[in-house]
Amino acid sequence: MNGPIPVIIDTDIGVDDAYAVMLAFSSPVLKVLGVTTSYGNVSADDSTVNAIKILELLEKRCRVAKGEEGPLFGKRRRYSSSRGSFLHGKDGLGNKAYTLPSPLHVETHEDAVSYMAQLIRKSDTKVTLVALGPMTNIALLLLTYPELKNRIDGIAMMGGSAYGGNTLPAGEANIVADPEAAQIVLQSGVRIVMCGLECTEKAYFIKDDLEMFRLVGGSVGRFYYDMTQDYMNATEKLTGSRRAVIHDSVPVAWLINPSVIKAKPCYIEIDLSGQYTRACTVTDEFCIDRKPNAMMAFELDRDLFVRMHIEAFRRYR
Amino acid sequence: MAKRPIIIDTDAGNGFAHAAMLISGCGLFDVKGICTVSGSVSAVQAASCCAWLEKLTGLEAPVVTGSDKALIVRRDGSCRSDSGGIMEKLMGPVQVPASAEHPWDLIYRTAVESEGELELFCTGPLTNIATAVLRHRDLPQYIKRVTIAAGSSRVGDSTVYAEFNVYSDPHAFKCVLDAGFRRVDLVDLEFARTVCLDAQTSVRFHDLPDSNPWKPFLEEADRERVKKLGDPAYIKREGNSGELRLHDAAAAFVLAIPAAVTSSDVYTMVELRSEMNSGRTLFDFRKRFTDDPNVKLAVYTSREMFTDFYMRCVHAFDRRAVS
């Protein structure tokens, strides 16, 4: 392919999303056309402010459009996850958002879905969507602009899990937040790479990695180091391991260097009716009597993943 | 050492024959009864298989035909490919003496008589056990331990995630989990995938002395194993290592030597409502629910230890003739 890959990042920006955004903007392989936000780790409002703050920290000029405030179905209330605030801090950025200056520019007046449609239409080449939060914005995009499907090259998503969730025994947080949206996306026929927990839980940083980011990344590295401390503490309380699991960087890392993950074709659909299994990404990895509809990442080269982030931080120095 | 009293509840597929051989061959158990349930084969057919297995093992426990349909769900036909084919091929016509008792009454009466020492070993859908619990609410207090070959923590064998015994009667499985048994050992498919006989061991069945009454069955089991390697769907799901996967036998090993098994105490649920996940077992490994653990899920044992146990039990029959 000639030239960088045009991408739109759709995020409910918390700590690991912030790493994904940093990684994406650092890479010459990607051209980030825009950032859209949604509820999830924090509310859509906080998510939007966080995205703008992070872009200003990174000194990147890119428009941010606020998206949906809750899932497609059910009560349309403002939503943010209590588990999200436990892990990501009340502000979504490890309780360190206050250390960043208030945004100099405000969000665009367009909503996220219209903004994505506009960017896709304008792009010379097909656009890849990077889905880091609940899939509400992207499902609405596919429902309301069906003519743009063939202008989308694929969707690299963080979400789901084949064999056990994190929010629920069978449910991963981004899918639990809006299972119907995820089902619409999976059934859309658009090429999908699902980076689920089997893979993303291997995408972790330890203390030494964070020290390295602080060392090589200047003010950006220092902020990320600080931002990750509470996240690491919370993860340790939940899992017993002192690690910062950076789920959301995985789809971005894959776009930059596909060899960072191993993936296999699967048939994936969302359970929408279960008592315990609602929001489970039912993943048939054998596809004996049906055609795959997605690639599922199941393995990650952690050394390469860490090196990619060190390299990214160096670029911000 | 006194033998441990047990009642076996089974749908008597081919896999169960291996388990029956281990239970008899290890000499640890006093089998008080064998109850059959519809699953791999019908409850009546399972009773015939069990009567034939009693001849091979020398067991003399009553064989009682049990439930022929699940508590609530109705599944279309059997989902399992490894039904009782090998036994049907070898056994010929078998008479099953009529029993005056239903399985649920036999289980309860024996449990009371055994003064809290009775164990249940279940290798089929749990319809009989659930019926016993529903009929005799105080049954759990008389049962020392229930060992169940069922469920899956990863890939299923009936749907993407559901294992056959739970899929066949998920309500019965839930009923047993909720009953308050003192100890429930669950042996899921994932455990059975790691505890199996390698191809070299299985080939050794052909070298057994002709005096061993199990030789024809085991030789046939080995031929079936090789035949499966020609099935692309099987290879895709289970790999091509040529191992002999024995879910029920793995459960018999857990029953016989619990100290050799690492278990995880975990709250376990079964999905009843979902269209695509009905019969799936869910394990709350991350403790997202506040419920106390209700099963001991077998997670690891040494494959060498299992193989050694299995072969010792096989050779226990070397000098026994079919009665």
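The values are calculated or read from the model by the stated rules, or taken from the named source; none is laboratory data. This one's a predicted model, so the numbers in the text were calculated from it and none came from an experiment. Ideal geometry is used to build each Cβ from the backbone, glycine not excepted, and the neighbour counts take in all protein chains shown. Areas reflect the complete protein model, heavy atoms only, side chains present, ligands, DNA and RNA absent. Shrake-Rupley method; radii C 1.70, N 1.55, O 1.52, S 1.80 Å.
List of remarks:
- Each residue of the protein assembly as shown gets 159 Å³ once the volume of the Cα convex hull is shared out per residue.
- Threshold 40 Å², the range B:231-247 residues less accessible with all protein chains present than alone (1.4 Å probe): B:LYS236, B:ARG237
- Of B:PRO216, B:PRO125, B:PRO232, the one that fluctuates the most in a GNM where chain B has Cα springs shorter than 10 Å: B:PRO232
- For the range A:5-316, the extents of the C-alpha atoms along the principal axes are 52, 43, 38 Å, listed from largest to smallest.
- Helix content alone sets the calculated 222 nm mean residue ellipticity of chain A: runs of n ≥ 4 DSSP H residues at -39500 (n - 2.57) each, divided across all residues, give -12000 deg cm²/dmol.
- Since only B:VAL44, B:ALA260, B:SER158 are under comparison, the one whose Cα sits farthest along the positive direction of the charge dipole of the range B:4-315, derived from C-beta charges on Lys, Arg, Asp and Glu, is B:SER158.
- The packing ranking of peptides A:223-233, A:151-161, highest mean first, is A:151-161, A:223-233, where packing means the average number of other beta carbon atoms within 10 angstrom of each residue.
- Going by accessible surface with a 1.4 Å probe and the largest first, A:LEU210, A:LEU238 read A:LEU238, A:LEU210.
- Using only side-chain charges placed at the Cβ, +1 for Lys and Arg and -1 for Asp and Glu, the dipole size of chain A relative to its Cα centre rounds to 500 debye.
- The charge dipole of chain B, taken about its Cα centre with unit charges on the Cβ atoms of Lys, Arg (+1), Asp and Glu (-1) only, comes to about 340 debye.
- Percent breakdown of C-alpha pair distances by 20 Å bin, ordered from the shortest bin, for chain B: 34, 61, 5
- Sites A:GLU211 and A:THR239, calculated FRET efficiency, Cβ-Cβ separation with R0 25 Å, nearest 0.05: 0.75
- Buried solvent-accessible surface, both chains (B, A), 1.4 Å probe, Å² to nearest 100: 2300
- Over the range B:126-253, equivalent-ellipsoid semi-axes from the Cα gyration tensor in Å: 32, 19, 11
- For the range A:249-285, a reduction of at least 50 Å² in accessible area between the chain on its own and the assembled protein chains (probe 1.4 Å) is found at A:SER273, A:GLN275, A:TYR276, A:THR277, A:VAL282.
- Surface calculation, 1.4 Å probe, protein heavy atoms: A:THR283 sits at approximately 0 Å² accessible.
- Charging the Cβ of each Asp and Glu at -1 and of each Lys and Arg at +1, and nothing else, the dipole of the protein assembly as shown about its Cα centre rounds to 1120 debye.
- Contact residues in the range B:149-164 by the 40 Å² criterion (accessible area, 1.4 Å probe, full protein complex versus chain alone): B:ARG154, B:VAL155, B:VAL160, B:TYR161.
- Taking every alpha-carbon pair under 8 Å whose residues sit at least 6 apart, the range A:5-316 reaches a relative contact order of 20 percent.
- Considering only beta bridges that DSSP places wholly inside the protein assembly as shown, some 30 percent are antiparallel.
- Solvent-accessible surface (1.4 angstrom probe) belonging to A:CYS199, in square angstrom, nearest 10: 0
- If R0 equals 41 Å, the separation of the Cβ atoms of A:THR99 and A:ARG290 corresponds to a calculated FRET efficiency of about 0.25.
- For chain A, share of DSSP beta bridges that run antiparallel, in % to the nearest 5: 30
- Fraction of accessible area attributable to carbon and sulfur, the protein assembly as shown (%, probe 1.4 Å): 50
- Applied to the range A:12-28, the Karplus parametrisation 6.51 cos²θ - 1.76 cosθ + 1.60 on θ = phi - 60° returns per-residue 3J(HN,Hα) values of 9, 3, x, 4, 6, 4, 4, 5, 4, 5, 4, 5, 4, 6, 7, 8, x Hz, with x for Gly and Pro.
- C-alpha center-to-center spacing [the range B:241-313, the range B:88-133] in angstrom: 22
- Positive-pole candidate from B:TYR234, B:LEU71, A:PRO258, dipole of the protein assembly as shown, charges at beta carbon: A:PRO258
- By the helix-only formula, in which each DSSP H run with n ≥ 4 contributes -39500 (n - 2.57) and the sum is divided by residues, chain B has a 222 nm mean residue ellipticity of -11000 deg cm²/dmol.
- Members of B:LYS69/B:LYS144; B:LYS236/B:LYS296; B:LYS32/B:LYS144 lying beyond 19 Å, as alpha-carbon distances in this model show: B:LYS69/B:LYS144; B:LYS236/B:LYS296
- Rolling a 1.4 angstrom probe over the protein heavy atoms with all chains in place gives chain A an accessible area of 39 Å² per residue.
- Per residue, the range B:4-315 exposes 39 Å² of solvent-accessible protein surface, assessed with a 1.4 angstrom probe and all protein chains in place.
- Mean separation of Cα contacts under 8 Å (6+ apart) over length of chain B, as relative contact order %: 20
- Normalised radius of gyration (Cα atoms, divided by 2.2 N^0.38 Å) for the range B:1-64: 1.03.
- Averaged over B:276-283, number of beta-carbon atoms from partner chains that fall within 10 Å: 6
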